[in-house]
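Following: one structure in structure tokens, then a few remarks.
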Amino acid sequence: MAAATYTNGGGHAAAAYTCRSYCGNLSVDYPFGLRAGCGHPGYRDLLFCINDVLMLHVTSGSYRVLDIDYAYQSLTLDEPHMSTCGAIFLGRRGNGFVVEPWRAAYLQPAPDNVFMLLGCSARSPLFQEGFRAGKHLPCRNVSGMGCEDYYGCPAWNDVVGTLQHDHDGSPPVTHPPECCAVAFGTMKAINLSKLDCQGYSSAYSLAPLRLEQGGGGGAEGWSYGIRVKFSTQGGGGDIFCKSCRATGGSCGYEAAAGRGGSYTNACICGTSNSTTNCDSAAADIRSDSSRGTWSIMGTVAGFFLLHL
């Protein structure tokens, strides 16, 4: 990324290193970054631009980023083996969604995002607590979206005979349902291997009232993908970032000295970083320059005094 010259409110010019960038038609800005040291440390090593396609990588795999909504703090993700209304993928080829424990505080699927787990076995942890006793299952509708509508998708015609369970609405007795809709908050991780499920679908609600009133065309009218909410947890970093940007800097981070694995906020100001903002960095540079000038003058004066 190129450096640009700016003049901030203090009247001095400096080189502003910008972390903001683009990948394809998507803007990548705080708290995200494509370069090391840019953005919030909670999102380090997360986004990658590959042939103008923005990719997000977490524990469960890689996902294409379809959209970043900074106003509502959400990302929309997709991956090729996630089932939709038009195609169902089995064989545990899908990623599901699992994030690193340390990153979970910053990145979680939205509460109105439904995960529909497909072809789960009776041995699945989903059903161990009460399935065989006929008790309450964890499966439920999320924001008006659930399996009963999903069963109406054309793709189910392609898997008839592959999944041998009934979905006529009657309580399961000896078999789990073919589809189990859950919220991410209930599961904390969508891991197909650990849940012993063959596939999954994910959808999110853009207009819950329309869906509830039955005007959304059922599951064919849903928005498929994984909508993930992002947060900087607490706001301290956001306050720091606003101060940094107000003085022409870019928001970033650096490794904390003497604290392995820890990071501190950094305001990137041209070729130097500041722990506050670029005005402070410029003042430090002027102070260092002034001290250097007086040191040189003192050396020259001493030289002449010795030779008088």
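Restricting attention to region 271-292, does a residue exist that is modelled with pLDDT under 65 and within 30 Å of Ala181 (Cβ to Cβ)? No: zero hits. Taking the criterion of being part of a loop (DSSP other than H, G, I, E, B) and at pLDDT 90 or above, would at least one residue in region 154-165 satisfy it? Yes, the conditions are met somewhere in region 154-165. The requirement of being among the polar types (S, T, N, Q), under 16 Å from Phe184 (Cα atoms) and assigned by the TED database to the domain that holds Val159 is fulfilled somewhere in region 108-124, by at least one residue. Of the residues making up region 110-130, those that are of a type in the set (S, T, N, Q) and under 20 Å from Asn141 (Cβ atoms) number 2. Quick one: in region 224-263, which of the residues that are surrounded by fewer than 16 Cβ atoms within 10 Å (Cβ to Cβ) and polar (S, T, N, Q) is modelled with the highest pLDDT? Going through the qualifying residues, I end up with Ser231.
A residue that is modelled with pLDDT of 95 or more, of a type in the set (A, V, I, L, M, F, W, C), in contact with a Ser or Thr (Cβ under 9 Å, 6 or more places away or on another chain) and within 17 Å of Ser74 (Cβ to Cβ) occurs somewhere in region 17-29. Against the condition surrounded by 18 or more Cβ atoms within 10 Å (Cβ to Cβ), part of a loop (DSSP other than H, G, I, E, B), assigned by the TED database to the domain that holds Pro80 and modelled with pLDDT under 90, how does Pro176 come out, does it pass? So Pro176 fits the description; yes. If you go through region 13-46 and pick out every residue that is hydrophobic (A, V, I, L, M, F, W, C), part of a strand (DSSP E or B) and in contact (Cβ under 8 Å) with a residue 24 or more places away in the chain, you end up with 7.
Residues being under 12 Å from the mean Cα position of the chain (by Cα), assigned to a loop (DSSP other than H, G, I, E, B) and buried (at least 20 other Cβ atoms within 10 Å of the Cβ): count how many of those fall in region 60-94. Of the residues in that region, 0 qualify.
The values are calculated or read from the model by the stated rules, or taken from the named source; none is laboratory data. Please read these numbers as outputs of a predicted model, since none were measured by experiment. For neighbour counting, all protein chains shown are included, and Cβ atoms are generated from backbone atoms with ideal geometry for every residue, glycine included.
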